[in-house]
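> Shown below is the structure under consideration.
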Amino acid sequence: HQGKIGVKFNVGTDDIAIEESNAIINDGKYHVVRFTRSGGNATLQVDSWPVIERYPA
């Protein structure tokens, strides 16, 4: 992922992926990563970057 964070999870029939493509996290600093999931819906946030939301198609 070249210094970026992503999550992949299975909802029974499909794998769902969510990635923060703007925040670089391999810079030697501590980061706060928040991941929530409810069924197939998911959110991912790194530090104070905007929350990324993912909903199944």
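> Along the charge dipole of segment 5-54, Cβ charges K/R +1 and D/E -1, which of Gly39, Ser21, Val7 sits furthest on the positive end?
Among Gly39, Ser21, Val7, the one farthest towards the positive end of the dipole of segment 5-54 is Gly39.
> Given 0.36 nm per residue, what is the gain on full extension from Asp15 to Trp49 after removing their alpha carbon distance, in nm?
Between Asp15 and Trp49, full extension yields 9.8 nm more.
Readers should treat all values here as calculations from the given coordinates under stated rules, not as data from a laboratory. Here the structure is a predicted model, which means the values were calculated and not measured. Positions of Cβ are generated from backbone atoms using ideal geometry, with glycine treated the same way; all protein chains shown enter the neighbour counts.
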